[in-house]
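The values are calculated or read from the model by the stated rules, or taken from the named source; none is laboratory data. Computed from a prediction, not measured in an experiment: that's the story for all the values here. Glycine gets a Cβ as well: all are built from the backbone with ideal geometry, and neighbour counts include every protein chain shown.
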């Protein structure tokens, strides 16, 4: 038996200093409508608050430490940096969850959600473990950096994973509300975080599990969105109202479980549905709506505004959104066509 | 299924402490009993992984009948030592052990291979008591064990987490993410990787595919303490596990267990990859039983 000597000791327990955040948090959630919204990144702020209330809450970062500044300050022992190694981070979180903890994994959507689909499936979802996977910078949020940084397939992947709850908050307050509303859920939860949303909720709502929220009533059509699609739907509804078109807007924050009841009610009430999402047209909200209408034999006129299944352009998010019609005017234009105006 | 090992406890709350007394002869005999039971289970199911199970039979025997701190009557006891089967395709060798220790009734074994059985070819923690984590996709469980070990340190528990990996399994990139992180977090004897270094993957010699040697040097370079041991020498395995460093201090431990794929049956030792996945004919099965039983007498 040979005991081979290791090199000198390193690491946090050997007296190494904790890493410094690489970036300052930016107040990207500035409010111009008088709503009370978070002034810093809502994910990090809320996870720290949940940790204040529950000793089981820990956070694992795959090179996302800046977001966790509050937790690192208040509960440094419950922050685990895993570096640029997403697969290890998610499987380790599964091990922590199997040991009684409530781990929140923070990762960039393209690398955490898409690269690690198998870890999410095999280690987290199959085993019903209460891992909270927070996919930041989803959709085209990092579109400036290249096609590698688009995350437009994540809903399609996540919703096929048995046992996984898939949610997408519409704004900063919804992010806080969803994190709070699901804190005691015993299974795994996938949070798809949109960046650059416009305010929808004046304060963090209390959401019911699996239920959508009607954020605007209307008679002529229903615009259904999640993430930044909700704010776009509301802005489009304002434009349409000025033209005499009365659009309802539904926040489809639960992609799984899917609120079929709310969808079918909208189909019956307005008969015309427009889905809006920052996702590939395959496998996202538009697909789920079409499946659900078909399975329930409920007829409706359906249009789906999503990203086309082609090589996507690269650019700053605002330019990309404009290019693909994910703007208030773009949504309003599709709505007009749907109602025949 | 024949049980050759007496149940080690009477009541459900009985704790099996670390380092339980067991003679080397008895531990070797139990390893052969695992091989016999594996042959029976695979015979019943019609397909299974013989030679990979045989290479780690002594490791199973020493861990479950000597090393691990357990409460079979309380499988989720928070203070228990954890054992994760990274090379999940050898769960067949664990099913009789869990039944023998009392995690579930021995008649569950008769369901192996059937739809609805809690005992699958790869282990499922949701179905089989005693399984600390599911496996089947190679390369995940060292990461999971890292998470369990970190959780133990955070919650002030002194359990150890053992993760058995195949030597082929360490070709998976995620394993090296876990090795790197565990070296960084310095979990000491809280995290023990056991590499079942039998030298073969499914289709041939492991290092003919991609060289993995020196396993010990590679772990050491990532901040681990590496120990080479004969994986069929139950005395050496006991001694190694008895001498593990304290939980949560210093370098994590890699035990490179040098083993033979197919160990214990001449026909499989001679052609290990031919018996990675297979099914013995009735004549072969009877001959294999006789060869093992002769050694156990």
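Scan segment A:102-121 for residues that are farther than 18 Å from residue A:81 by Cβ and away from chain B (no Cβ under 13 Å) and jot them down. The answer is A:109, A:110, A:113, A:114. Condition test on residue A:120, is it closer than 22 Å to residue A:183 by Cβ, assigned to a helix (DSSP H, G or I) and at pLDDT 95 or above? Taking the combined requirement at face value, the residue satisfies it. When you scan segment A:88-114, how many residues do you find that are part of a helix (DSSP H, G or I) and either farther than 19 Å from residue B:140 by Cα or touching a helix residue (DSSP H, G or I) at 6+ places or on another chain (Cβ under 7 Å) (or both)? Total satisfying the criteria: 14.
Consider residue A:130 carefully, then state whether it is in a loop (DSSP other than H, G, I, E, B) and away from chain B (no Cβ under 11 Å). The answer is yes for residue A:130. Give the number of residues within segment B:271-290 that are in a helix (DSSP H, G or I) and modelled with pLDDT under 95. Residues in segment B:271-290 being in a helix (DSSP H, G or I) and modelled with pLDDT under 95: 4 in total.
From the list A:168, A:172, the lone residue that is modelled with pLDDT of 95 or more and under 18 Å from residue A:46 (Cα atoms) is A:168. Evaluated against (1) surrounded by 24 or more Cβ atoms within 10 Å (Cβ to Cβ); (2) at the interface with chain B (Cβ under 9 Å from one of its Cβ atoms); (3) within 22 Å of residue B:123 (Cα to Cα), residue A:124 falls short on exactly one condition, (2). Filtered by the rule that a residue be part of a helix (DSSP H, G or I) and within 13 Å of chain B (Cβ to nearest Cβ), segment A:62-87 gives A:76, A:77, A:78, A:86, A:87.
When segment B:124-136 is limited to residues that are surrounded by fewer than 20 Cβ atoms within 10 Å (Cβ to Cβ) and touching a residue at least 40 places away in the same chain (Cβ under 8 Å), the one that is farthest from the other protein chains (Cβ to nearest Cβ) turns out to be B:129.
Could you tell me whether any residue of segment B:209-228 is over 22 Å from residue B:146 (Cβ atoms), under 19 Å from the mean Cα position of the chain (by Cα) and touching a residue at least 24 places away in the same chain (Cβ under 8 Å)? Checking segment B:209-228: at least one residue is over 22 Å from residue B:146 (Cβ atoms), under 19 Å from the mean Cα position of the chain (by Cα) and touching a residue at least 24 places away in the same chain (Cβ under 8 Å). Of everything listed in (1) away from chain A (no Cβ under 13 Å); (2) crowded, with 24+ Cβ neighbours inside 10 Å; (3) in contact (Cβ under 8 Å) with a residue 60 or more places away in the chain, the single unmet condition for residue B:121 is (2).
So that you can scan it fast, the table gives a plain yes or no per residue for (1) modelled with pLDDT under 95; (2) surrounded by fewer than 16 Cβ atoms within 10 Å (Cβ to Cβ); (3) part of a helix (DSSP H, G or I):
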| site | (1), (2), (3) |
| --- | --- |
| A:232 | no, no, yes |
| A:258 | no, no, no |
| A:268 | no, yes, yes |
| A:279 | no, no, no |
| A:325 | no, no, no |
